[in-house]
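Undergrad: Shown below is the structure under consideration.
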Amino acid sequence: MDEYAQRKGRIYGTVLVDVETRRPIDPLPDREADTLAAWLAERPGIEIICRDRAPVFAEGATRGAPQALQVADRWHLWHNLSEAAEKCVYRHRGCLRPTPAQPEEPQEKPESTASSPWPTGHRFAERTRAKHATIHALLAAGHSKRSVARQLGMTLNTIMRFSRAGSPEDMFTGQWQGRATRLDDFKPYLDQRWQEGCTNAWKLWEEIKEQGYPRGYNTVRAYVSSTLRDKPRPVGPRPPSARAVTRWLLTHPDTLRENERLQLKAVLAYCPELNALAQHVRSFAHMLTNLQGDRLPDWIEAASATTDLPSLRHFAQHLLRDLDAVTAGLTLPWNSGVVEGHVNRIKMLKRQMFGRAGFELLRKRVLLA
């Protein structure tokens, strides 16, 4: 059994297929547990039910056919594990770029000019520098402050402020300087992610938004453009993405390309947490492909003990809620793969009917196959 969309995101139905004959038995108008339980109760001879791990199907199968053995689909188990693995890799994304070794004798950098909060070319900075140079030149020539104020058309207080400033940078204390912003608490994280190789302002905004940043994207974009763009980027090749590393972990080592194998080896050698994740994933893959469901309790116990991989621990503990069906799915040859083709066929029928036909016509076309 599996669900199909009558109207995606709003209305779903259930299709039931005979695994032995690979033919559809009956589509149901919804995916409610009561509907499924009533349909199964009318057919007491059912012995095996292949399903995914949706609570609706589990409840309906238990109530409608308590005598049947429920088998969790292996593809859905592997898909759930891949989602948990990707979250673990993303949590340790800082390990994807090893910290470069520091030179023993750091090179001496030439002393920079007076640090200025305003870049060269900023109109406020250039205007202030020109005024400062003119006022100090007139004062050095022997003019009084009142005389300079009359010549330049400025107030005496302005001339006195410029005269007390030893450099133009001392004047850069306007309304834009020194003001605390909501972004200040997240700037260390943005600097760290920039050094790790993430240079996408939208991606950075999404990450700090998940951490509680209340403002919009424009502030982050302005900070990236004005501050981070001037900082040196990490030297060396771009680190692999979390999704790429997850794909390498979920792929059999013998089918990886040489460069992918080397990059994965470097990542696992640098991060013990990801190395432990790789061991758990490969152990689960071996158990799934060889139908060794009796090893599942030991795997769950080992995965639940990982404190630095909360997503994997949550996945392992969630298997305990449906342990019998998962164990059967990792032991018996039955699975729900046959129903996926019929779901695709239902989608084709719905497109042919342009979504205007009712459930009864759709049911007839499905069963007349």
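The values are calculated or read from the model by the stated rules, or taken from the named source; none is laboratory data. On a predicted model such as this, the values are computed, not experimentally measured, just so you know. Quick reminder, even Gly has a Cβ in these numbers, built from the backbone with ideal geometry, and neighbours come from all protein chains shown. The area values use the complete protein model at the heavy-atom level, side chains included, leaving out ligands, DNA and RNA. Shrake-Rupley method; radii C 1.70, N 1.55, O 1.52, S 1.80 Å.
Undergrad: Can you give me the P(r) profile for the stretch 125-221? Cα pairs, bins 5 angstrom wide beginning at 0, each as a whole percent.
TA: 2, 11, 18, 13, 8, 7, 8, 9, 9, 8, 5, 1, 0
Undergrad: For the pairs Lys87/Lys347; Lys87/Lys209; Lys87/Lys265, note any where the Cα-Cα span goes beyond 22 Å.
TA: Too far apart for the 22 Å limit: Lys87/Lys347.
Undergrad: What is the distance in Å between the Cα centres of the stretch 61-78 and the stretch 176-218?
TA: Using only Cα atoms to place each centre, the spacing works out to 46 Å.
Undergrad: Continuing with this model, one more query. If we count every other residue with Cβ under 14 angstrom of Glu206's Cβ, Lys/Arg +1 and Asp/Glu -1, where does the sum land?
TA: +4
Undergrad: Dipole of the chain (Lys/Arg Cβ +1, Asp/Glu Cβ -1, origin at the Cα centre): which of Val339, Gly153, Tyr270 lies farthest to the positive side?
TA: Working it through, the farthest residue towards the positive pole turns out to be Gly153.
Undergrad: Under a Cβ-only charge scheme (Lys and Arg +1, Asp and Glu -1), can you give me the dipole magnitude of the chain about the Cα centre, in debye to the nearest 20?
TA: With only Lys, Arg, Asp and Glu charged at Cβ, the dipole is about 2400 debye.
Undergrad: Based on DSSP H runs of at least 4 residues, each adding -39500 (n - 2.57), what is the mean residue ellipticity at 222 nm of the chain after dividing by all its residues, to the nearest 500 deg cm²/dmol?
TA: The helix contribution divided over the chain gives -16000 deg cm²/dmol.
Undergrad: Turning to a different aspect of this structure: Plugging the Kirkwood radius over Cα pairs into Stokes-Einstein for the chain, at a temperature of 10 °C and a viscosity of 1.306 mPa s, what D comes out in µm²/s?
TA: Once the numbers are plugged in, D ends up at 59 µm²/s.
Undergrad: Given the convex hull over the Cα atoms of the stretch 249-316, what projected area results after averaging over all orientations, in nm²?
TA: Its Cα hull, projected and averaged over all orientations, spans 4.7 nm².
Undergrad: Same structure, new question: In debye, nearest 20, what is the charge dipole magnitude of the stretch 5-97 about its Cα centre with +1 on Lys and Arg Cβ and -1 on Asp and Glu Cβ, if you could check? Don't skip to the end; give the middle numbers.
TA: On the way: 15 positive and 13 negative charges, 145 e Å.
Result for the stretch 5-97 is approximately 700 debye, rounded to the nearest 20.
Undergrad: Using a Gaussian network model of the chain with C-alpha springs under 10 Å, which one of Thr246, Thr134, Thr14 is most mobile by mean-square fluctuation?
TA: Residue with maximal mean-square fluctuation among Thr246, Thr134, Thr14: Thr134.
Undergrad: Among Arg91, Arg313, Arg257, which one shows the highest mean-square fluctuation when the chain is modelled as a Gaussian network with alpha-carbon springs under 10 Å?
TA: Arg257
Undergrad: Turning to a different aspect of this structure: Just tell me which aspartates and glutamates come within less than 13 Å, Cα to Cα, of Lys8; anything on the same chain fewer than 8 places away is out.
TA: Excluding near neighbours in sequence, the set is Asp30.
Undergrad: Also, I was wondering about something else. Putting +1 on Lys and Arg Cβ atoms and -1 on Asp and Glu Cβ atoms, find which of Leu204, Gly60, Thr251 reaches farthest to the positive end of the dipole of the chain.
TA: Checked the options; the winner is Leu204.
Undergrad: Only Cα pairs within less than 10 Å get springs; with that Gaussian network setup on the chain, which residue of Ala58, Ala140, Ala33 has the largest fluctuation?
TA: Comparing Ala58, Ala140, Ala33 in the GNM, the peak value goes to Ala140.
Undergrad: Leaving out ligands and nucleic acids, note down the accessible area per residue over the chain with a 1.4 angstrom probe, in whole Å².
TA: Ligands and nucleic acids excluded, the figure is 61 Å² per residue.
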